[in-house]
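See structure below.
The values are calculated or read from the model by the stated rules, or taken from the named source; none is laboratory data. Nothing here was measured: the structure is a model prediction, and the numbers come from that model. Methodologically, a virtual Cβ is constructed for each residue, glycine included, from the backbone with ideal geometry; neighbour enumeration extends over all protein chains shown.
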Amino acid sequence: MKKLLIIGGPGNATVIGDTVIDANRRGSREYEFCGYINDRDGLKEISGMPVMGGLKDIDKLIEDDYYFIFSIYKFDCQDERIRLFDSLKIPDERLAIFVHPTAYVSHNVELSPGCVIMPNVSVTSNTRFGKSVIVRPGTTIGHDNIIGAHTSITAGASIGSCINIGEGSFIGLKACIREYLTLGKYSMAAMGAVIVKDIGEGELWGGNPAKLMRIAKWKEVAST
């Protein structure tokens, strides 16, 4: 099995790690989850799994034949998170593509390096995922979508068909997105939002039907 490390800490990283362990219990032998990469001083383990080093150690760990999933996420700071990922310069061939065995992914779906598809997800025909997209349990994704790199889709979301979601976007718990829409880069759909209109870059929409609530904090700062 390929040796897998998850970049991050309690929360996103531990959920993904436990999902890989569960996949092994169900017979999957593609990846062996070995631990975490985390920069917190003095942190030796997370949820019983070792911290194998910090970000500065990634080059050495690449030489040691490890694969990686980047799970760091900070709401409102998508641009900062993507810059951090890019600075690590992890080769695409060392970014794991993980699909839990209970997920359905159509044969013509395109998953880019670093993507994670968690339990009980359904993804239908001709949808394309950019690099390091994370799709959490119970999400349904229709056909012919383009989902930008580093998008974070949380549990139970329902995404229609023929939708273009920009990089670094966030889709909240149980959010629902109508077909034929465009969501701009770094856009955000709040928990339970029913999205029936296009969303602009860096905008947070919520409610049913969803309305603009505010723009991302990083964008507010940049415009002042």
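Sort out which residues of region 184-208 are out of contact with any Leu (no Cβ under 9 Å at 6 or more places or on another chain) and aromatic (Phe, Trp, Tyr), and write them in order of number. 186, the sole residue that qualifies. From the list 173, 183, the lone residue that is surrounded by 20 or more Cβ atoms within 10 Å (Cβ to Cβ) and farther than 18 Å from residue 109 by Cβ is 183. Scanning region 113-145 for residues that are part of a strand (DSSP E or B) and within 20 Å of residue 70 (Cα to Cα) yields a count of 6. One residue stands out among those in region 65-75 that are surrounded by fewer than 19 Cβ atoms within 10 Å (Cβ to Cβ) and touching a residue at least 24 places away in the same chain (Cβ under 8 Å): the one that is nearest to residue 29 (Cα to Cα), which is 65. Of the residues in region 77-93, none is small (Gly, Ala, Ser) and surrounded by 13 or more Cβ atoms within 10 Å (Cβ to Cβ). The set of residues in region 158-170 that are surrounded by 24 or more Cβ atoms within 10 Å (Cβ to Cβ) and without any contact (Cβ under 8 Å) to a residue 24 or more places away in the chain comprises 159, 165.
Checked against the criteria, residue 103 does not count as surrounded by fewer than 23 Cβ atoms within 10 Å (Cβ to Cβ), in contact (Cβ under 8 Å) with a residue 12 or more places away in the chain, touching a Leu at 6+ places or on another chain (Cβ under 8 Å) and not charged (D, E, K, R).
Of all residues in region 39-52, exactly one satisfies the criterion of being modelled with pLDDT of 95 or more and closer than 19 Å to residue 89 by Cβ, namely 52. Is there a residue being surrounded by 14 or more Cβ atoms within 10 Å (Cβ to Cβ), in contact (Cβ under 8 Å) with a residue 24 or more places away in the chain, out of contact with any Cys (no Cβ under 7 Å at 6 or more places or on another chain) and under 19 Å from residue 1 (Cα atoms) anywhere in region 42-60? Scanning region 42-60 turns up at least one residue that is surrounded by 14 or more Cβ atoms within 10 Å (Cβ to Cβ), in contact (Cβ under 8 Å) with a residue 24 or more places away in the chain, out of contact with any Cys (no Cβ under 7 Å at 6 or more places or on another chain) and under 19 Å from residue 1 (Cα atoms). Screening residue 187 against (1) within 19 Å of residue 96 (Cβ to Cβ); (2) out of contact with any Lys or Arg (no Cβ under 8 Å at 6 or more places or on another chain) leaves a single unmet condition, (1). The set of residues in region 148-165 being within 24 Å of residue 11 (Cα to Cα) and assigned to a loop (DSSP other than H, G, I, E, B) consists of 148, 149, 150, 151, 154, 155, 156, 157. Scanning region 179-224 for residues that are of a type in the set (A, V, I, L, M, F, W, C), part of a loop (DSSP other than H, G, I, E, B) and modelled with pLDDT of 95 or more returns 181, 190, 191, 193, 196.
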